[in-house]
Amino acid sequence: MGDIPVRLLSVGTALPGPPIDTAALASAFGMDQVWRQWVDTFIGTRTRHLAVDLSTGERRESLADLGERAATQALARAGVSAEDVDVVVFGTATPDTLMPATVNVVADRLRIDGVPTFQLQSGCSGAVQTFDVAASLLSTGRYRTALVIGGDVIAKHYDVKADLTALPPDELVNYVLFGDGAGAAVLAVGDHPEAPVLRSVLTRLSGLGRAPGQTLRWYGLADRDGGEAPASEDYKAIEEHVPVLAEETADDLLDDLGWDRAEVGYLLPPQLSVTMTAKITERLAFPAAEEVSCVAETGNNGNALLFFQLDRLLPVMARPSRAIAVAIESSKWIRSGLALERV
C-alpha cells in the first residue's frame, strides 16, 4: 500500500427492520410452495432485511439513516470522534437522491465538516473502492483518519403490489436475492499496533466489450412511464463471469503480496447468494482459510456486504494471520479485493 501503513481500526453495521424469511416474502407476494423451494435450492438465502414495509410499501429507513447508524457505531468502537475524521468516502449504487450526495447528508448528521468527502457510484465493488480511495489519501501523510461507508437500499425499487408470477426471471430474481443495509469502517495511520494492516487494495474495470450483467435505472419525470423495469439481471452471465473474475482477483492480490494460498487464514468471498458463494469459495481454493460470509442472513445488500464480513472477521482474527476479501461488481464488471494482516 505504501510506506505508511494504513490500519483498520473498527467496523460498524446497520440493518433495517426485522429479518424477513423466504416464507414471509412468499406470503407477501402471493408466491406458492414451488417458488419457495426454488429460492431455497437455487438461491439459498434464508433471511434478508428490507427498508420498506412489504404490506404497505412505506419506507422504514433511508440509506442515510443506515449509513449514519453504521458510522456512529464504527466511530464509537474505534474511540474516534467526528472531529478526528479527516476524509469521508461513501460507496453505493442506490443513493437516496442524486443531489445532495448521501455522503454529505451522513457527514452533516455526524457533525463532520471542513473535510474532503467523496461518493462513489458502484455496485458491490464500491465498498472496496472506498478503501482504495481512503487508503491512497491516508498514505500521502496529509490525513490521519478516514471514515469509509458502504450500503444500499434496493427495496425502494420494489413494487409491493406486483404480480411476481407475471415477471420474467431477470426481474423476479431481484426480489429474492437482495436485502438492504449499510456498513462503515475507520481507517487510520499512526500508532495502532493492535489493528490489522491493510496490505493491498485492488480495483479493476474488467468489462471491455462485455454486456452489463445488471442494470438499475433511475427515472426522471420524462421517462418514468417508459415501461422499462427499474432493475434487471442477467443471472446466467453472472454465474459464468463472477467466479472467473473472483479467481483472477485473488491471484492478483497474492502475486502482489508474495503470499501463498496456504498462508491465508480467512477468506471473505463474493456474496451474491449462498449457492454462488459456495461455488466461488470452492473455486478459489484457499486450503487453510476460514470462510467469512453473511449473505445467508443479510441477503445480498450490495455495498454493505464487505462491512458485514469484516464485522464478523475482526473479533476472531488471530494474531498473526492474513485475510483476503474479494468483491465483484456485475453491472459493468469491476473486480476488486483487499488483503489484511494482523501482526
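Read-outs throughout are calculated quantities, based only on the coordinates presented, and are distinct from any laboratory measurement. Being a predicted model, the structure only gives us computed values, none of them experimental. A quick note on method: Cβ atoms are made from the backbone with ideal geometry, for glycine too, and the neighbour counts reach across all protein chains shown.
Stretching GLU263 away from ARG60 to a fully extended chain increases their span by 68.7 nm, per 0.36 nm per residue minus the current alpha-carbon distance. Listed by chain and number, the lysines placed with their C-alpha closer than 21 angstrom to that of LYS279 are LYS236; residues fewer than eight positions away on the same chain are left out. In plain terms, the residue of LEU137, LEU50 with the fewest other Cβ atoms within 10 Å comes first and the most crowded comes last, giving LEU137, LEU50. If you run the Gaussian network model on the chain, springs between alpha carbon atoms under 10 Å, then out of GLY258, GLY12, GLY226 the most flexible one is GLY226.
Could you compute how fast the chain diffuses translationally, taking Rh as the Kirkwood radius over C-alpha pairs and applying Stokes-Einstein at 25 °C with viscosity 0.890 mPa s? Give it in µm² per second. Answer from the Stokes-Einstein relation: 122 µm²/s. Site pair GLU290 and GLU194 shows an inter-label distance of 1.9 nm when each label is modelled 7 Å from Cα along Cα→Cβ.
Taking other C-beta atoms within 10 Å as the exposure proxy, ARG59, ARG111 rank ARG111, ARG59 from fewest upward.
Within 10 Å of each candidate Cβ there may be at most 10 other Cβ atoms; applying that plus a DSSP loop requirement, which GluC sites (Glu not before Pro) in segment 1-91 survive? Answer in residue order: GLU58. For segment 107-201, a simple Cβ point-charge model (Lys and Arg +1, Asp and Glu -1, everything else neutral) yields a dipole of about 400 debye relative to the Cα centre. With the Cα gyration tensor of segment 70-196 giving a ≥ b ≥ c as the square roots of its eigenvalues, does the rule (a/c under 1.5 for rounded; else a/b larger than b/c for prolate; else oblate) give rounded, prolate or oblate? Cα axes put segment 70-196 in the prolate bin.
Cα centroids of segment 1-51 and segment 185-199: 29 Å apart.
Restricting the chymotrypsin sites (Phe, Trp or Tyr not before Pro) of segment 218-286 to loop positions (DSSP other than H, G, I, E, B) with no more than 15 neighbouring Cβ atoms within 10 Å leaves TRP218, TYR219. Report, for segment 197-342, the % of DSSP beta bridges that are antiparallel, rounded to 5. Around 80 percent of the beta bridges assigned by DSSP in segment 197-342 are antiparallel ones.
For the chain, the membrane-span-like helix rule (DSSP H, alpha carbon extent of at least 20 Å along the helix axis, mean Kyte-Doolittle at least -1.0) picks out 63-78, 235-257; this says nothing about an actual membrane. Classify segment 197-342 from the C-alpha gyration tensor, please: rounded if a/c falls under 1.5, else prolate or oblate depending on whether a/b exceeds b/c. It is prolate, given that a/c is not under 1.5 and a/b is the larger ratio. Which one of VAL103, VAL115, VAL133 has the biggest mean-square fluctuation once the chain is modelled by GNM with Cα springs under 10 Å? In the Gaussian network model the winner is VAL115.
Bridge orientation summary for the chain: considering DSSP beta bridges with both residues in this region, about 70 percent are antiparallel. Positive end of the dipole of segment 1-90 (Cβ unit charges, origin at the Cα centre): among ALA76, THR45, ALA64, the Cα lying farthest that way belongs to THR45.
Among the trypsin sites (Lys or Arg not before Pro) within segment 180-283, those in coil by DSSP and having at most 12 neighbouring Cβ atoms inside 10 Å are ARG210, ARG224. Evaluated with a Cβ-only charge set (Lys, Arg +1; Asp, Glu -1), the chain carries a dipole of roughly 420 debye about its Cα centre, given to the nearest 20.
Exposure proxy ranking for ARG46, ARG7, based on other Cβ atoms within 10 angstrom of each Cβ and starting from the fewest, stands as ARG46, ARG7.
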